[in-house]
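The values are calculated or read from the model by the stated rules, or taken from the named source; none is laboratory data. Model, not experiment: these values are computed from the prediction. Cβ placement follows ideal geometry from the backbone for every residue including glycine, while neighbour counts extend to all protein chains displayed. Just so you know, the surface numbers come from the protein's heavy atoms only, side chains and all, with ligands and any DNA or RNA stripped out. Shrake-Rupley method; radii C 1.70, N 1.55, O 1.52, S 1.80 Å.
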Amino acid sequence: MKKANIKTLENGKYIVYKRQKVKNNKETSSIKVILTPTILEIIERMSEFEQPIGEYLLPIVSRQ
């Protein structure tokens with residue numbers, strides 16, 4: 001998920017995205033997850049642990 005996936009909607013801020021597999025399917029709706037204070041705290045803590053790359057919200061997980 002990227003920073004561009006954060007949208008302000010009628011009820012607050014949400015992460016809005018479509019799965020890569022079905023993103024071009026017009027019949028499939030986007031997934032919307034409200035950004036609660038707990039989710040924002042998790043994103044902040046994960047970003048402090050390891051810097052995200054580019055526009056991504058969270059660091060890329062690798063086996064290294």
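Details
- Residues in the stretch 1-19 that are in a strand (DSSP E or B) and open to solvent by 100 Å² or more (accessible area, probe 1.4 Å) were compared, and the one that is farthest from SER62 (Cα to Cα) is THR8.
- Selection count where residues are closer than 18 Å to LYS3 by Cβ, modelled with pLDDT under 75 and either in a loop (DSSP other than H, G, I, E, B) or open to solvent by less than 90 Å² (accessible area, probe 1.4 Å) (or both), scope the stretch 20-49: 1
- ILE53 being in a strand (DSSP E or B) and not polar (S, T, N, Q): no
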